[in-house]
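Any read-out appearing in this document is the output of simple, stated calculations on the displayed coordinates, not a laboratory observation. None of the values given here were measured: they were computed from a predicted structure. Note that we place each Cβ from the backbone using ideal geometry, even for glycine, and neighbour counts take in every protein chain shown.
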Ligand SMILES: [Zn+2]
């Protein structure tokens, strides 16, 4: 019995042995099991930039560009003969993730340029996740343009090939941002579900579902194949995007603290 594939994009954040109080880490063992299972099911692994919907491809993507991806995920993709896409935050390349809400002792490193270059030389795509991992739709037009244009140029200058895919931090986007993404020269935007009400724009949407620590094999496969769990997967994705936006929670709490 085979089920139709409803989703071909997966997003990972950290693939690591290091435990954290969050769900966006997948262990190296889980990741390897998942990739071997996808290969066993007959999928191949493509970068976003040359994804061909007529082929049986899965898009493996890594948001934020953590060093653990080079250490643990890249060897597994080498093993299954797959390529992937990493979204780098250009002001944080080679630095700790101080943009996130973790205390300093829990911060982890982003890949440096030589690690990103080695993945790029293997054939991986390095896309842009902006300069500073801020919620772009809350920023003014000029600052958004700088995030989009200078992060693209920075990666292109370092790696010597065109950057065509953008991934909005916290999956926060709207039709105005899409216009700016297009004006900055991107042709693809990696987003999360749900997909209802997608506006028209000149580029392509690359929808993805997140893979998390608690994803057992049936939950993992539910991210790809049409089934009754699909709406739950999408709800979970939305909740995690909101919870992951720790800086926003922080900002909401600030006025309360000062007024009390
Ligand atoms: Zn991110």
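Quick one: if you take sqrt(5λ) for each eigenvalue of the C-alpha gyration tensor of the chain, what semi-axes come out, biggest first, whole angstrom? All intermediate terms of the calculation are to be shown ahead of the outcome.
On the way: eigenvalues 139, 92, 82 Å².
In descending order the semi-axes read 26, 21, 20 Å.
Distance in nm between label sites at residue 106 and residue 29, each 7 Å beyond Cα in the beta-carbon direction?
About 2.3 nm, to one decimal.
Jot down the per residue volume, in cubic angstrom and as a whole number, of the convex hull over the alpha-carbon atoms of the range 44-119.
Working: hull volume 7.4 nm³, N = 76.
About 97 Å³ per residue, rounded to a whole number.
For the residues 5, 11, what sequence is obtained by ranking on other C-beta atoms within 10 Å, fewest first? Don't skip to the answer; put the middle values down first.
Details: 5 14, 11 25.
Ascending number of Cβ neighbours within 10 Å: 5, 11.
Among 104, 125, 233, whose mean-square fluctuation peaks in a Gaussian network model of the chain (Cα, cutoff 10 Å)?
104
What is the gain in length, in nm to one decimal, between residue 40 and residue 19 on full extension, counting 0.36 nm per residue of separation less the C-alpha to C-alpha distance? Spell out each step's value before the answer.
Values: separation 21, 0.36 × 21 = 7.56 nm, distance 2.86 nm.
Going from the current span to full extension adds 4.7 nm.
Taking 0.36 nm per residue of sequence separation and subtracting the Cα-Cα distance, how much length would be gained by fully extending the chain between residue 238 and residue 153, in nm to one decimal? Write out the running numbers ahead of the final one.
On the way: separation 85, 0.36 × 85 = 30.60 nm, distance 3.05 nm.
Between residue 238 and residue 153, full extension yields 27.5 nm more.
Between residue 174 and residue 95, what is the FRET efficiency for a Förster distance of 25 Å, r being their Cβ-Cβ separation, to the nearest 0.05?
Given R0 = 25 Å and the Cβ-Cβ separation, E is 0.30.
Please report the antiparallel percentage of the DSSP beta bridges confined to the chain, to the nearest 5.
On the way: 3 of 30 bridges.
Percentage antiparallel, nearest 5: 10.
Once you place label points 7 Å from the Cα toward the Cβ at residue 219 and residue 50, how far apart are they in nm?
In this crude spin-label approximation the distance works out to 3.5 nm.
Per DSSP helix of 4 or more residues, -39500 (n - 2.57); summed, then divided by the residues of the chain. What does that give at 222 nm, rounded to the nearest 500?
On the way: 8 runs with 92 residues, N = 260.
The helix-only estimate for the chain comes to -11000 deg cm²/dmol at 222 nm.
Just rank 201, 99, 113, fewest to most, by other beta-carbon atoms within 10 angstrom.
On the way: 201 14, 99 20, 113 17.
Result, fewest neighbours first: 201, 113, 99.
So for 177, 213, fewest C-beta neighbours within 10 Å to most, what's the order? Kindly include the intermediate steps, with their values, before the conclusion.
Details: 177 19, 213 14.
With the fewest neighbours first, 177, 213 line up as 213, 177.
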